[in-house]
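Shown next, in structure tokens, is the structure this report addresses.
The values are calculated or read from the model by the stated rules, or taken from the named source; none is laboratory data. As the structure is a computational prediction, the values presented were derived from the model and not from experiment. Here the Cβ positions follow ideal geometry from the backbone for every residue, glycine too, while neighbour counts run over all protein chains shown.
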Amino acid sequence: MSTQMGIQEILEYLPHRYPFLLVDRVLSVEPGKNITALKNVTINEPFFPGHYPHHPVMPGVLIIEAMAQVAALLTFKSADSKPDDNSVYYFAGIDGARFKRPVGPGDQLIIKATLIRSMRGVFKFSATAEVDGQLAAEAELMCTIKLVA
């Protein structure tokens, strides 16, 4: 089953809010398998005035964060659960991160994540970010859900 998610549903699954919410729409999700989402990159992003004023480029670390947020959506949809105030979704590792092209204002970032495995509460994903069919970034991400006091 492949479903879409609008921003209101995304907000039910991710605790992030402006300026740190980096997912605008989920195009498809197959729980336990994969997800495809998008981020519309606009000149109004809060990081562009300082990165860089004369040639705006989305910071690579934020592209990785967008991939992690998409992976989190896949995790919660796969578990058929939503986060609560007693848990936080954390990075546990990033392997093989590579940046292939800059991402700037006007670009539409298509983010894909595939669940590789889930073991003892640690989830491993293969993730990519593309612009116009060109690979912008790729990485393997490991994430976990931790209870907080």
Within region 100-117, can one find any residue that is over 26 Å from G32 (Cβ atoms), in contact (Cβ under 8 Å) with a residue 60 or more places away in the chain and under 14 Å from the mean Cα position of the chain (by Cα)? yes
Give the residue that is modelled with the highest pLDDT, with candidates limited to residues of region 94-149 that are more than 28 Å from T42 (Cα to Cα), in contact with a strand residue (DSSP E or B) (Cβ under 8 Å, 6 or more places away or on another chain) and not in a strand (DSSP E or B). G121
Give me the residue from region 55-93 that is part of a loop (DSSP other than H, G, I, E, B) and at pLDDT below 95 and, out of that set, surrounded by the most Cβ atoms within 10 Å (Cβ to Cβ). P83
Any hit, region 40-50, residues being within 21 Å of S126 (Cβ to Cβ), outside any loop (DSSP other than H, G, I, E, B) and under 16 Å from the mean Cα position of the chain (by Cα): no
When you go through (1) within 14 Å of the chain's Cα centre (by Cα); (2) assigned to a loop (DSSP other than H, G, I, E, B); (3) free of Cβ contacts under 8 Å to residues at least 40 places away in the same chain; (4) farther than 22 Å from V148 by Cβ one by one for V23, which number turns out not to apply? (3)
